[in-house]
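Taking it in order: structure first as structure tokens, then the write-up.
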Amino acid sequence: MKRILLLITIGTLSINQALAQLPKHLVGNSFYNTDLVNLNPRFGGVPRLHLTSTSTGDIQKGDVVELGTIKKYKKNGFIITTNHTKRSDTFEYVQIKKDCNVYSLKDQKGHLWVTKVSNLDAQSALKNYPQQKEDQKRWVINLPQLKNEENYKVEIYVGNLHDVDCNNYFLSGTVETKAVEGFGFHYYEVGTDNRIITTMKACPDNITYRKFIFMKPIMVNYNSKLPLVLYTPENLIVRYKVYSGTEDWGFAFPQ
């Protein structure tokens, strides 16, 4: 009987240890809360989760970084509990792309956490750009080096999060391209009156949800040698997408 109980105990421990192991390709990645990306730096800046091993991670939601222990609760997610304050967060996998190292998680509040955040450490490249004004934020996108960068484009979106219904919503605004004096590169200055343009469809279910509402996006060439620098009003946030093309032409026919 004792032997059976011992085997059961060992088996239970093995199962719990197995459940606590995250996929190894997630280790070393930092996830940032995209819904709180414009949080005031005085209150800790953007919340971050850095996975230090298959069973531990560092959580930063303020000025203090806490070590957390991970327990996997399903095949598609995990729970991480801070060792000091004993607070728990539940994360579900949203998107796992091993080929390009882009990972997404969603927490129990519905916030999206992603690894696709531009490099925040390349400050030396900004020394020639102007500082932001008092009512502005300066946003920097540092792109990774790619082969054949001429085949890629970057689409930049400027907007904010709003509660919306079934209608289509757009943010009014302007984008001005400006040159850095004495250098051959540019930056972008965004202006808006914060006016939301919307369609007028009737929404019978009266359901609202949180959505990123943006102005007309900016399409620029991909260039990893220079940062993409934007200056926006304080209440706006910046996101971007990378599009790739091929050298294979499609042909139209006269009719």
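Within region 200-220, at least one residue is open to solvent by 40 Å² or more (accessible area, probe 1.4 Å), under 22 Å from the mean Cα position of the chain (by Cα) and among the aliphatic types (A, V, I, L, M). Sort out which residues of region 160-194 are surrounded by 11 or more Cβ atoms within 10 Å (Cβ to Cβ), among the hydrophobic types (A, V, I, L, M, F, W, C) and either free of Cβ contacts under 8 Å to residues at least 40 places away in the same chain or not in a strand (DSSP E or B) (or both), and write them in order of number. Selection gives 166, 180, 185. Pairs linking a residue in region 11-31 that is aliphatic (A, V, I, L, M) to a residue that is open to solvent by 50 Å² or more (accessible area, probe 1.4 Å) and at pLDDT 50 or above, with Cβ atoms under 6 Å and 6 or more positions apart or on different chains, are 20/71. Report yes if residue 133 is at pLDDT 85 or above and open to solvent by 90 Å² or more (accessible area, probe 1.4 Å), otherwise no. Yes: the conditions hold for residue 133. Looking across 54, 34, one residue alone is at pLDDT below 85, open to solvent by less than 40 Å² (accessible area, probe 1.4 Å) and under 30 Å from the mean Cα position of the chain (by Cα). It is 34.
The values are calculated or read from the model by the stated rules, or taken from the named source; none is laboratory data. Bear in mind that the values here come from a model prediction, so they are computed numbers and not experimental data. Positions of Cβ are generated from backbone atoms using ideal geometry, with glycine treated the same way; all protein chains shown enter the neighbour counts. Note: accessible area is taken over every heavy atom of the protein model, side chains too, but ligands, DNA and RNA are not part of it. Shrake-Rupley method; radii C 1.70, N 1.55, O 1.52, S 1.80 Å.
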